[in-house]
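The values are calculated or read from the model by the stated rules, or taken from the named source; none is laboratory data. Note that the structure is a prediction, hence the values are computed from the model and not measured. A quick note on method: Cβ atoms are made from the backbone with ideal geometry, for glycine too, and the neighbour counts reach across all protein chains shown.
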Amino acid sequence: MGNNAPSGGREHWSGQLGFVLAAAGSAIGLGNIWKFPYITGENGGGAFVLIYLACILLIGLPVMLCEIILGRHTQKNPVGAFKALAPKSSLTAHLFSIMMLISGIALICFDAYGWGIIFLLTSFMIFKYGWVIPGIMSVFAGFIILSYYSVVGGWTITYFCSSISGSLSFQNSAEAAAFFDTLKVNPLTCSVFHIAFMVITCLIIYSGVRKGIERWSRILMPALFIILMALILRGITLPGALDGVDFFLRPDFSKIKPQSVLTALGHAFFTLSLGMGAIITYGSYVSKNENLFKASLSIVGLDTLAAIMAGLAIFPVAYAVKINPECGPGLVFQTLPLVFAKVPLGSFWCAVFFLLLFIAALTSAMSLLEVVVSFSMDELKWTRHFATIVCGGSITLLGCFSAVSVSNWKNIEWLHSMLVDIFNTSQSSFFDFMDNLGANWLLPLAGLFIALFTGWIWGTKKAVDEMRNGSQNFADVNFFSFLAGLKDDPGHNSRVHVLTLASLWGIFVRFIAPAAILIAFLHTAGWIKY
Ligand code: PFF
């Protein structure tokens, strides 16, 4: 399959499996194993899992298809993809640009110079680049997110090494918390392990699509599922563990708050690596004879399976040693070592767990770096090796600011006062500032524009034509025939059916996904409140 690469010499996955494993590697990350269990704990368990599954299926899956289609159709990085498809001049973009211009002037009149200048610059960019902006945002988001994601990636290495050396055998939660807090405020350790994590990521990306990303995904993804399985078996055989399974899987809707729905939606986006160009980039290495429907279902399915398995690995052990599952972000780093300390052969299982976390973080980081590298290769005409060194190097450098300021600004007070002067708002650390910028602003906005662009500007018609390549009659199969198992029955695959998978997808991309993302975004930005 990779042999029929189109002219232009773009590398391709060796086949559907290579693509699915690499994209699942991008999707399955710290979001699944670190974040999903604790937000489920905070939002009441089983009922939240159901809402999350609905968001994945109704919003995540359609947007994932959009990104893969944009990538495969154009065979380009996110910026190149939007450049190739965006109209030369767009009234919507011009109107938007004028709105930003007026807001920018108003902000300057009210003395908010920092924001005012940012609005003016954005207005100018929108005027100049129009619908290429979502692509630029995606690449920028990849850059920003990787810079702090790799700091957390570095912690997984620290914890893995510490568990091997036996220094994670805590007696109580105060000791576990003290270890985590000392790590966070130690700029040297954080930076060294962040750099180590980035070097490993760069080495893989340096080797290219097939020899680097695909080869390592083929090794690391099965390893990840085997480790998860082993952890589940260890966990559920502990006395009292089944209460944890019960908490995780039994829906109790009385614990659901309106915010839970928005949290589920935001997380669905993050966990599927959407809005950041990663899937557009990976999609650009897919050849024309692959079935995109099946591929996206498999990626979403594997990601969801990993999240559910992570929950089944974590809650039973937490319950077995009577730890509150609602303890928040520290669940994985502070609680699990404590949990394992009480389990036979604890240090071994602890090391296995942090190895799992490291693998998950690494395969996701690979995709983030690949977004920036493929942009530099396509648009700036750099070689892969040069692009990896320059992009990897600058992301590592930026990440060092997050590494030395994970929980406060102590080491970079000058940067803090500069940011306060410009934005007039303050985050508790540079790490949080980057997280807020990337995950709460750039990611949902880019995701929203990707859905709007595919649904309304480029058009679902052309997107569906692309989807049809390699998918036999999949796109045009009547939805009910599909559910009834009659997909290949000659009487059930005529194109006159109205409710086909493609038409369902179009409706979701044009209306439901943009509306849902917009509401979630406005809520996170604090512009609407429940
Ligand atoms: N999906 C990853 C996770 O769940 O941890 C995070 C991520 C990776 C987001 C790559 C976006 C991306 F492009």
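Laid out as a table, the results:
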read-out: Selection within segment 371-404 - without any contact (Cβ under 8 Å) to a residue 24 or more places away in the chain, on the phi < 0 side of the Ramachandran plot and assigned to a loop (DSSP other than H, G, I, E, B); value: 380, 382, 383
read-out: Residue match in segment 214-224 (condition: polar (S, T, N, Q), free of Cβ contacts under 8 Å to residues at least 40 places away in the same chain and under 30 Å from residue 371 (Cα atoms)); value: no
read-out: Among (1) more than 14 Å from the ligand (Cβ to nearest atom); (2) within 18 Å of residue 305 (Cα to Cα) - the single one residue 30 does not satisfy; value: (1)
read-out: The one condition in (1) within 28 Å of residue 392 (Cβ to Cβ); (2) surrounded by 24 or more Cβ atoms within 10 Å (Cβ to Cβ) that residue 315 fails to fulfil; value: (1)
read-out: Residue check, residue 51 part of a helix (DSSP H, G or I), within 16 Å of the ligand (Cβ to nearest atom) and either out of contact with any Asp or Glu (no Cβ under 8 Å at 6 or more places or on another chain) or under 30 Å from residue 155 (Cβ atoms) (or both); value: no
read-out: Close pairs (7 angstrom Cβ cut-off, 6 or more residues apart or separate chains): within 13 Å of residue 444 (Cβ to Cβ) in segment 509-530, at pLDDT below 85 and β-branched (Val, Ile, Thr) anywhere; value: 522/528
read-out: Residue in segment 185-198 that is away from the ligand (no atom under 16 Å from the Cβ), without any contact (Cβ under 8 Å) to a residue 12 or more places away in the chain and more than 24 Å from residue 393 (Cβ to Cβ) present; value: no
read-out: Selection from segment 418-431 of residues that are assigned to a helix (DSSP H, G or I) and at pLDDT below 90; value: 418, 419, 420, 421, 422, 423
read-out: Residue list for segment 248-304, filter: in a helix (DSSP H, G or I), away from the ligand (no atom under 16 Å from the Cβ) and touching a Ser or Thr at 6+ places or on another chain (Cβ under 8 Å); value: 248, 262, 292, 293, 294
read-out: Every pair of residues 6+ apart whose Cβ atoms lie under 6 Å, when the first sits in segment 139-154 and is outside any helix (DSSP H, G or I) while the second is away from the ligand (no atom under 11 Å from the Cβ) and of a type in the set (Ser, Thr, Tyr); value: none
read-out: Residue 191 vs. criteria of a type in the set (Gly, Ala, Ser), within 28 Å of the chain's Cα centre (by Cα) and farther than 18 Å from residue 330 by Cβ; value: yes
